[in-house]
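The values are calculated or read from the model by the stated rules, or taken from the named source; none is laboratory data. This structure is a prediction, so every number in the text was calculated from the model and none was measured. In this analysis, Cβ positions are derived from the backbone assuming ideal geometry, glycine residues included, and neighbour counts consider all displayed protein chains. All accessible areas refer to the heavy atoms of the entire protein, side chains included, with ligands and DNA or RNA removed. Shrake-Rupley method; radii C 1.70, N 1.55, O 1.52, S 1.80 Å.
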Amino acid sequence: MVCGMNGVTLIGNLEESARKAVQWLVNKTPIRGIRDWGIAFSLWPVHFTTACCGAEFAATSAPRFDVERMGFLPFVAPRQTNLMLIEGTLTRKMAKAAVWVYEQMPDPKFVVAMGACAIDGGIFWNSYNIVRPKDILPVEIYIPGCPPRPEAVARAIIMLQKRIRRGEAVGLKF
Amino acid sequence: MSEERTIELLIGPQHPSSGHMRLYAEVDGDIVVRLRPNIGYVHRTVEKLAETKKYIQIIPLVERPSLADTANHNLGYVLALEKLLGIEAPPRAQYLRTILAEMNRIHSHFYGLGIHGIMLGSSTIFMWGFADREIMIEMAQRLTGARLTYSYIIPGGVRRDLPQGFEDEMEKALRYIERRLKDYGKLFLRNPVTRARLEGVGVLKKEDAIKLGIVGPNLRASGVPYDVRKVQPYCAYPELEFDVAVREEGDSMARVLVRVEEIRQSMRIIRQVLKQIPDGPILSENYLKMIPPKWKEFVEKKGRIKFPAIMANLRPPKGEAFSRVEAARGELVYYIVSDGSVTPYRLRMVTPSFRNVVLFEHLIQGCRVADIPAIYGSLDYFPPEADR
Amino acid sequence: MGLSSENKIEDIAKKIAQSLQGLPIEISTKDEIITVNVKHENLVEVAKKLRGVGFDHVKSVTATDFPEQKELEVIYHVSSFGDLDLAKVIVALKTRLSSDDPRISSLIEIWPSSKYSEREQHEMLGIVFEGHPELERLLLPEDYEGPPPLRKEFKVKTEGIQG
């Protein structure tokens with residue numbers, strides 16, 4: 001591809017080089033640091049309630065525990081969010097919806113699995129209608145408990161922020 | 001109306017309100033012509049799993065479907081089990097069960113109020129509802145040791161006695177909630193915006209409510225004074241004074257107001273329970289005598305039950321038992337069939353939300369799309385409870 | 001509670017027996033539950049009579065599988081909202097049908113409140129309720145295959161050593 005501008009002529013695949021240049025620039029330490037800092041403090045989970053842990057999830061964002069102070073704001077549309085909290089059991093019917101919602105979310109995106117059911121079924125381990133989230137989604141952090149206390153959810157968010165800032169989170173490698 | 005005029009609108013399962021269900025709405029312009037709920041997104045097969053678990057292990061299992069209302073679900077199951085076993089809890093335990101059930105009713109109604117608030121776009125009420133709910137959760141935590149999943153009520157009694165200073169703390173909490181309810185009246189219940197959204201919306205007529213078998217506050221808001229606590233009193237309810245909150249209007253506003261009135265009645269019950277509670281053991285004599293003497297001393301001193309070994313292998317005689325309790329969302333029915341083994345042969349659990357599902361297709365028909373969240377919220381529908 | 005309520009239950013049981021006179025049924029009373037055993041051919045008739053007495057809604061439709069007898073038991077727990085005296089009792093309308101091809105006429109015409117419960121029992125135990133307008137999947141996923149899950153032949157994993 002040839003492109004002329006102000007007497008300068010550029011030859012080659014411009015789009016490709018531009019993308020590479022941006023990638024290089026973004027991965028440079030100062031910009032990357034700023035980017036990860038920005039992501040870490042704007043974790044917006046999609047409002048996707050899969051099971052009963054949603055009651056504790058709601059309590060987490062309510063006044064007593066108030067995780068909004070950590071930049072954690074439940075949001076409605078999947079296209080404007082970057083965090084997916086699997087709140088408890090994922091049934092087979094819901095698992096399909098979970099994958100659809102996850103695919104709609106823009107990168108970088110993270111998945112946190114909440115509750116014993118999301119780890120390995122919990123009390124419903126031998127049910128015929130459940131799916132383990134690890135089989136269908138790249139889970140970053142598991143929160144044990146049945147249901148986990150809101151403090152545990154808040155702690156998971158802090159852990160995720162740390163992982164993002166250290167550049168270790170799976171969701172960053174897109 | 002021709003077929004082409006209507007559009008099918010899919011709402012959920014990922015949607016802004018509390019919901020793990022899908023609504024198929026057929027809309028003509030702004031009017032919902034037909035609405036079909038598609039439930040089952042949280043169907044975790046509790047009834048089947050109960051057949052593989054021992055009787056005592058089912059207590060946590062039946063709590064999970066309704067995390068906002070665990071005490072009543074626990075209570076209903078234990079009442080059915082006690083009927084099978086032929087034992088009865090001592091009076092003090094009955095009062096302790098009642099107090100936990102009522103505390104649970106209060107925080108469950110606040111939960112419903114908060115969720116309804118956010119469905120109407122009023123974030124303040126979500127924040128208030130969830131903040132005031134924490135008061136009762138904290139008190140329940142002092143009594144049982146858990147935030148939501150109490151597993152407090154066991155066959156023949158309860159797990160713990162009242163902690164020290166519980167009465168005073170409770171009085172403080174109740175006074176706080178009373179004060180807050182006045183604020184709710186000012187900000188939410190008498191707010192012109194709320195009234196415009198809720199009054200006259202989603203009217204459920206008395207005949208229809210009876211015909212469709214609706215339960216709980218949704219039924220009482222339509223003028224049917226059916227409350228299991230009055231009709232067939234269990235636990236300490238026969239000795240307590242309270243009114244059944246009934247309204248005649250049957251619209252969304254009436255359903256909200258019935259819940260708020262029930263919070264008041266529950267507070268009245270808690271006050272009476274704390275005043276009247278008799279002294280005595282908290283576990284039935286049948287089980288108390290099986291505890292080794294050293295543990296028995298511990299139980300009497302600390303007021304905490306360590307599970308007697310017999311409970312691990314409860315074997316009720318052959319037969320069947322039926323129980324009903326008034327859970328926060330309505331009448332909860334358990335039906336257990338025992339074949340004499342350590343696991344139930346069949347456990348049937350009909351939750352209030354499951355019986356209220358039919359309201360979605362009945363009430364929302366003919367409403368505007370914007371009314372869907374207003375009506376949905378007023379039903380206080382909890383999907384995991386319906387799907388089990 | 002006490003004597004008076006027991007009397008009341010007896011009265012109601014008598015009333016039910018009277019209205020069901022001539023039909024091949026068995027009535028027994030235990031606590032507040034009045035059990036009416038009925039052949040499935042007579043189910044609709046009995047249900048209509050009970051509706052006439054004033055039992056206006058279905059609390060639950062429960063089906064249980066008994067593989068040894070090759071039978072399914074269907075129970076309609078019926079009570080009343082309109083008459084609070086009748087609400088004190090629960091009528092368990094019991095019937096048995098063969099588990100190979102379980103067919104029973106739906107009671108949705110008499111008690112519309114049985115709609116979702118019947119649908120659930122249809123998918124959980126494979127009972128066909130004839131005359132039910134939408135006998136579709138309710139709780140299970142659309143692509144579910146296999147026997148109805150609440151039948152005893154459907155096994156789930158259990159803890160411990162399997163015998």
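Go through B:315-321, B:72-78 and give me the packing order, highest mean Cβ count within 10 Å leading. Could the numbers behind the result be given before it?
On the way: B:315-321: 16.4, B:72-78: 26.6.
In descending order of packing, they fall as B:72-78, B:315-321.
First compute the accessible area of the stretch A:73-153 with a 1.4 Å probe, then give the percent of it belonging to carbon and sulfur atoms.
Details: 1620 of 2760 Å².
Percent of accessible area from carbon and sulfur atoms in the stretch A:73-153: 59.
Using a 1.4 angstrom probe with every protein chain in place, what is the largest-first accessible-area order of C:Ser99, C:Ser19? Could you put the intermediate results ahead of the total?
Details: C:Ser99 15, C:Ser19 35 Å².
Result, largest first: C:Ser19, C:Ser99.
Give the Cα extents of chain C along the principal axes, in whole Å, largest first.
Computed over chain C, the largest-to-smallest principal extents equal 51, 41, 27 Å.
Taking the Cβ-Cβ separation of B:Lys289 and A:Leu14 as r and a Förster radius of 60 Å, what is the calculated FRET efficiency to the nearest 0.05? Write down the numbers at each step before the final one.
Values: r = 88 Å, r/R0 = 1.46.
The pair B:Lys289/A:Leu14 has a calculated efficiency of 0.10.
Using a basic spin-label model with each label point 7 Å from the Cα along Cα→Cβ, how many nm lie between C:Asn7 and B:Glu239?
Taking the two extended label points, one gets 2.6 nm.
Ignoring everything except DSSP H segments at least 4 long, calculate the 222 nm mean residue ellipticity for chain C; use -39,500 (n - 2.57) per segment, divide by total residues, nearest 500. Write down the numbers at each step before the final one.
Working: 3 runs with 39 residues, N = 163.
Dividing the helical sum by the residues of chain C leaves -7500 deg cm²/dmol.
Contour minus end-to-end for B:Ala146 and B:Ser123, with contour as 0.36 nm per residue of separation and end-to-end as the Cα-Cα distance?
Details: separation 23, 0.36 × 23 = 8.28 nm, distance 2.75 nm.
Contour length minus Cα-Cα distance gives 5.5 nm.
Give the Cα extents of the stretch A:42-172 along the principal axes, in whole Å, largest first.
Ordered largest first, the stretch A:42-172 gives principal extents of 38, 31, 27 Å.
Whole number in Å², please: accessible area per residue of the protein assembly as shown, 1.4 Å probe, ligands, DNA and RNA not counted.
Working: 28910 Å² over 725 residues.
Dividing the accessible area of the protein assembly as shown by its residue count gives 40 Å².
Calculate what fraction, in whole %, of the accessible area of the stretch C:5-130 sits on carbon and sulfur atoms when a 1.4 Å probe is rolled over the protein chains. Mind dumping the intermediate values first?
Working: 2200 of 4960 Å².
Of the solvent-accessible surface of the stretch C:5-130, carbon and sulfur hold 44 percent.
Among the GluC sites (Glu not before Pro) in the stretch A:120-174, which ones are in a DSSP loop with at most 12 other Cβ atoms within 10 Å of the Cβ? Mind listing them? Display every interim value, and only then the final one.
Values: sites: A:Glu140, A:Glu151, A:Glu168; in loops: A:Glu140, A:Glu168.
Listed in order of number, the matching sites are A:Glu168.
Looking at this model, which pairs from A:Lys109/A:Lys162; A:Lys93/C:Lys115; B:Lys186/B:Lys230 are more than 24 angstrom apart at the alpha-carbon? Before the final figure, lay out each step's value.
Working: A:Lys109/A:Lys162 15 Å; A:Lys93/C:Lys115 22 Å; B:Lys186/B:Lys230 31 Å.
B:Lys186/B:Lys230, as the Cα separations exceed 24 Å there.
Nearest 0.05, what FRET efficiency do B:Arg34 and B:Val193 give at R0 = 25 Å with Cβ-Cβ as r? Provide the component values of the computation, followed by the final result.
On the way: r = 29 Å, r/R0 = 1.14.
After rounding, the FRET efficiency stands at 0.30.
At a Förster distance of 35 Å, what's the computed FRET efficiency of A:Val99 paired with C:Glu26, Cβ-Cβ distance as r, to 0.05?
Values: r = 53 Å, r/R0 = 1.52.
Efficiency, from the Cβ-Cβ distance: 0.05.
Give the cross-link partners of B:Lys296 among the lysines, using a straight C-alpha distance below 17 Å as the criterion and excluding same-chain residues fewer than 8 apart.
Cross-link targets: B:Lys306.
Measure off 7 Å from each Cα along the Cα-to-Cβ vector at A:Met159 and B:Glu4, then give the distance between these two points in nanometres to one decimal.
Label at A:Met159, label at B:Glu4, 5.8 nm between them.
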